[in-house]
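Below: the structure, in structure tokens.
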Amino acid sequence: MEYIVETKNLTKSFGKEKAVSNLEMKIPKGEIYGFLGPNGAGKTTTIRMLLGLMRPTSGSVQLFGKDMKNNRIDILKNVGSLVENPSYYPHLTAKENLEASRKILHAPKERIDEVLKLVRLHGVRNKKVKGFSLGMKQRLGIAAAMLHQPELLILDEPTNGLDPSGIIEMRELIQSLPKEYGMTVLISSHLLSEIDQMATRVGVVTKGKMIFQDSIETMRKIAQASIQIKVNDNEAAWRSMLANGQKADLGEEHINLQVEDDEQVAASIDYLVQQGFSIYRVQEETRSLENIFLEMTKEEHAE
Amino acid sequence: MIFPLIQSDFLKIKRKGMWLLCLIGPFGVVALQMVNYGVRKDYLFEQMDDRWLYYLLNINTFTPLAIVLGIVILTSFMSSIEDETNAWKQLVALPVSKRSVYLSKFTVISCILFLSSVLLFLFVFGYGLTLGLGEDIPYLRLMEYSFLPFFAALPVLGLQLWVATISKNQAIPVTLGVIGVIFAYSAPLLPDWMIWKWPALSNDWGHAYINALLGIGFGVLLYLLGMVDFKRRDVK
Ligand SMILES: Nc1ncnc2c1ncn2[C@@H]1O[C@H](COP(=O)(O)OP(=O)(O)OP(=O)(O)O)[C@@H](O)[C@H]1O
Ligand SMILES: [Mg+2]
């Protein structure tokens with residue numbers, strides 16, 4: 001598979017602390033990759049290394065199949081980024097801010113108006129950024145990241161400081177990018193709910209380690225409701241069901257049934273009744289994606 | 001390519017008062033002599049047969065001070081523009097080498113200082129003409145006292161730019177700069193090897209151009225050291 005981003009054994013230490021530890025990130029082309037983790041997990045540090053702002057302590061970064069160490073400038077021609085808090089020059093206008101980057105990126109002059117319209121800052125283009133609200137500065141940062149229509153867009157917590165309607169707009173904008181421009185997007189957040197509607201892939205990181213990396217569907221499957229059944233003899237019932245070819249786990253108090261639809265639940269119960277088990281309880285346990293995410297990151301904390 | 005970076009840096013110094021500083025420096029140096037000659041012209045004319053030379057020497061008591069002070073302010077301004085919202089990370093994430101980022105800053109400040117030297121030449125020449133210092137205008141000396149201090153001050157520029165770009169807190173380069181200004185003011189008391197003495201253009205050999213050559217040599221050296229160090233550091 002062709003990966004736009006691929007890191008191998010990526011590690012960054014600050015003194016004794018490992019902020020990022022043997023991270024293997026893989027992002028295929030055209031995906032929107034949600035990079036999730038609690039505060040201090042190492043997201044920003046990873047992103048800094050992806051952009052060549054920081055040198056890895058060990059391991060490597062490859063973007064577009066090229067090694068960052070030897071092709072930094074070449075690679076960065078096709079990368080747009082927004083790292084942590086937005087950076088800007090307060091004494092310059094929105095337009096001048098973009099112009100400062102545009103010159104270096106060799107983007108056509110018209111792009112400035114285009115991206116300003118895209119993030120709805122066209123009306124204030126000649127105002128000094130000093131007076132902008134946090135959300136406006138954030139949007140200006142995103143505009144700057146898209147000036148040269150990069151193949152890879154890296155956004156570190158881009159919804160920081162945006163109001164609800166700003167978040168929705170941002171989501172729509174990001175969702176349109178792979179379709180309209182074939183862009184690949186990496187977007188970090190510490191809230192799954194913020195990105196689960198747009199991400200196609202998810203990487204979860206805690207304490208510098210990647211603990212989950214797969215498609216959002218796989219994550220959703222884990223999150224799917226399971227049916228808990230409590231009978232007079234759980235273990236016997238569980239064995240009987242497995243023998244019958246049904247998927248089930250034995251919990252401490254009950255059997256966990258992984259089912260796809262209601263008919264299957266009915267069939268399973270019917271089967272247990274026929275086998276002569278007394279059914280005490282049937283209940284549904286739902287876990288939200290957010291819960292799963294919290295559980296994942298909690299387990300790691302407990303260690 | 002370095003040229004777009006330089007253009008971008010010129011754009012960034014807009015409205016920062018750096019161009020005003022470029023004008024005030026040389027004007028201030030000449031204005032001090034306007035006061036001096038305005039008050040006691042006759043006395044000053046008696047001090048030396050070569051009135052032009054004496055006038056240039058008077059000018060040159062304040063030129064080093066103005067240049068060192070200018071360097072401190074310009075380098076500190078320049079890096080505070082990027083420090084203010086930590087724009088370094090945005091700048092270095094663009095397709096540019098860190099070396100050219102540093103070179104561009106150095107070039108822009110050098111340009112401003114050089115323009116100041118041109119203005120100094122014009123102001124000194126212009127005011128000198130009005131004083132009636134004599135028919136023989138020493139053009140060569142005039143050029144020397146206008147442009148050589150700039151070259152002799154390059155090591156100070158290399159040092160200040162280095163410290164200013166790597167310090168998160170501008171108090172450090174400014175403190176170093178203030179010490180430098182004091183050194184530049186007490187130049188006659190300093191040993192020849194101290195870089196802050198060089199813009200005064202005096203040395204044991206009696207050739208001003210030696211200071212300029214030393215300045216270029218050590219300026220390039222300190223510039224290279226600063227650049228290598230800047231490149232080596234992680235951008236936060
Ligand atoms: N320059 C640095 N020097 C020392 N330690 C650092 C540095 N940068 C980051 N760290 C440490 O590395 C760890 C990871 O930080 P990082 O900023 O990457 O986390 P994050 O996942 O982006 O968190 P957040 O969600 O709060 O933005 C933290 O423990 C932090 O203290
Ligand atoms: Mg972060």
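The values are calculated or read from the model by the stated rules, or taken from the named source; none is laboratory data. Values in this document were obtained by computation on a predicted structure and should not be read as measured data. As a convention, Cβ positions derive from the backbone with ideal geometry for all residues, glycine included, and neighbour counts pool all protein chains shown.
Considering only residues that are closer than 18 Å to residue A:110 by Cβ and surrounded by 18 or more Cβ atoms within 10 Å (Cβ to Cβ), look in region A:143-166 and name the one that is nearest to ligand 1 (Cβ to nearest atom).
Across region A:143-166, the extreme among qualifying residues is A:145.
Would you mind stating whether residue A:187 is touching a Leu at 6+ places or on another chain (Cβ under 7 Å), within 14 Å of ligand 2 (Cβ to nearest atom) and away from chain B (no Cβ under 14 Å)? Can you show your working first?
Working: touching a Leu at 6+ places or on another chain (Cβ under 7 Å): yes; within 14 Å of ligand 2 (Cβ to nearest atom): yes; away from chain B (no Cβ under 14 Å): yes.
For residue A:187, the condition - touching a Leu at 6+ places or on another chain (Cβ under 7 Å), within 14 Å of ligand 2 (Cβ to nearest atom) and away from chain B (no Cβ under 14 Å) - is met.
Of the numbered criteria (1) away from chain B (no Cβ under 14 Å); (2) within 16 Å of ligand 2 (Cβ to nearest atom), the one residue A:213 fails is (2).
Just to be sure before I move on: is residue A:182 over 27 Å from residue A:150 (Cβ atoms) and surrounded by fewer than 21 Cβ atoms within 10 Å (Cβ to Cβ) in the structure I sent? Don't jump to the end; show me each part of the working.
On the way: over 27 Å from residue A:150 (Cβ atoms): no; surrounded by fewer than 21 Cβ atoms within 10 Å (Cβ to Cβ): yes.
Against the criterion (over 27 Å from residue A:150 (Cβ atoms) and surrounded by fewer than 21 Cβ atoms within 10 Å (Cβ to Cβ)), residue A:182 does not qualify.
Looking across region A:27-48 at every residue that is away from ligand 2 (no atom under 13 Å from the Cβ) and either aliphatic (A, V, I, L, M) or more than 19 Å from residue A:157 (Cα to Cα) (or both), the one that is nearest to the other protein chains (Cβ to nearest Cβ) is identified as A:27.
When region A:238-279 is filtered for residues that are touching a strand residue (DSSP E or B) at 6+ places or on another chain (Cβ under 7 Å) and hydroxyl-bearing (Ser, Thr, Tyr), the ones remaining, listed by number, are A:268, A:278.
Among residues of region A:32-60 that are among the small types (Gly, Ala, Ser), those with a Cβ under 7 angstrom from a residue that is near ligand 2 (Cβ under 10 Å from one of its atoms), sequence gap 6+ or separate chain, pair up as A:34/A:189; A:37/A:43; A:37/A:190.
Within region A:115-133, count every residue that is part of a helix (DSSP H, G or I) and either in contact with a Ser or Thr (Cβ under 9 Å, 6 or more places away or on another chain) or within 12 Å of chain B (Cβ to nearest Cβ) (or both).
Residues meeting the conditions: 3.
Residues are listed down the side, and each one gets a yes or a no for (1) closer than 23 Å to residue A:22 by Cα; (2) modelled with pLDDT of 90 or more:
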position	(1), (2)
A:154	yes, yes
A:165	no, no
A:194	no, no
A:199	no, yes
A:202	yes, yes
A:215	yes, yes
A:223	no, no
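Please state which one of A:215, A:193 is surrounded by fewer than 17 Cβ atoms within 10 Å (Cβ to Cβ) and within 16 Å of ligand 1 (Cβ to nearest atom). If you could, list the steps in order and put the result at the bottom.
Values: A:215 fails: within 16 Å of ligand 1 (Cβ to nearest atom).
The conditions single out A:193.
Of the candidates A:76, A:82, the single residue that is within 10 Å of another protein chain (Cβ to nearest Cβ), more than 16 Å from ligand 2 (Cβ to nearest atom) and within 22 Å of the chain's Cα centre (by Cα) is A:76. Residue A:15 meets all of the listed conditions (1) within 11 Å of ligand 1 (Cβ to nearest atom); (2) touching a residue at least 24 places away in the same chain (Cβ under 8 Å); (3) within 14 Å of another protein chain (Cβ to nearest Cβ) but one, namely (2). If we keep just the residues of region A:59-73 that are among the charged types (D, E, K, R) and away from chain B (no Cβ under 12 Å), which is farthest from residue B:98 (Cα to Cα)? Within region A:59-73, the match that is farthest from residue B:98 (Cα to Cα) is A:66. Quick one: how many residues across region A:61-71 are free of Cβ contacts under 8 Å to residues at least 12 places away in the same chain and either within 13 Å of ligand 1 (Cβ to nearest atom) or more than 15 Å from residue A:151 (Cβ to Cβ) (or both)? Residues meeting the conditions: 3. With respect to the conditions (1) away from ligand 2 (no atom under 16 Å from the Cβ); (2) in contact with a strand residue (DSSP E or B) (Cβ under 7 Å, 6 or more places away or on another chain); (3) of a type in the set (Lys, Arg); (4) within 18 Å of residue A:145 (Cβ to Cβ), residue A:8 falls short on a single one, namely (4).
Which members of region B:177-206 meet the condition of being aliphatic (A, V, I, L, M) and touching a residue at least 40 places away in the same chain (Cβ under 8 Å)? Give the steps one after another, and end with the answer.
Just the residues of region B:177-206 that are aliphatic (A, V, I, L, M), to begin with: B:178-179, B:181-182, B:184, B:187, B:189-190, B:194-195, B:200-201.
Within region B:177-206, B:178, B:181, B:184, B:187, B:195, B:200, B:201 qualify.
Kindly indicate whether residue B:95 is at pLDDT 95 or above, out of contact with any His (no Cβ under 8 Å at 6 or more places or on another chain) and within 14 Å of another protein chain (Cβ to nearest Cβ). When the stated conditions are applied, residue B:95 passes them.
Looking only at residues of region B:96-145 that are within 22 Å of residue B:202 (Cα to Cα) and charged (D, E, K, R), we find that the one that is surrounded by the most Cβ atoms within 10 Å (Cβ to Cβ) is B:144. Considering A:142, A:112, the condition of being touching a Pro at 6+ places or on another chain (Cβ under 8 Å) and part of a helix (DSSP H, G or I) is satisfied by A:142 alone. When region A:239-256 is filtered for residues that are in a helix (DSSP H, G or I) and exposed (fewer than 13 other Cβ atoms within 10 Å of the Cβ), only A:243 remains. Residue count for region A:80-101 under the criterion of being touching a residue at least 60 places away in the same chain (Cβ under 8 Å) and over 18 Å from residue A:118 (Cα atoms): the result is 3.
Condition check: closer than 18 Å to residue B:101 by Cβ, within 13 Å of another protein chain (Cβ to nearest Cβ) and in contact with a helix residue (DSSP H, G or I) (Cβ under 8 Å, 6 or more places away or on another chain). Does residue A:55 satisfy that? Spelling it out, residue A:55 is indeed closer than 18 Å to residue B:101 by Cβ, within 13 Å of another protein chain (Cβ to nearest Cβ) and in contact with a helix residue (DSSP H, G or I) (Cβ under 8 Å, 6 or more places away or on another chain). Within region B:77-92, the set of residues being within 18 Å of residue B:11 (Cβ to Cβ) and either among the hydrophobic types (A, V, I, L, M, F, W, C) or buried (at least 19 other Cβ atoms within 10 Å of the Cβ) (or both) comprises B:77, B:78, B:79, B:81, B:82, B:87, B:88, B:90, B:91, B:92.
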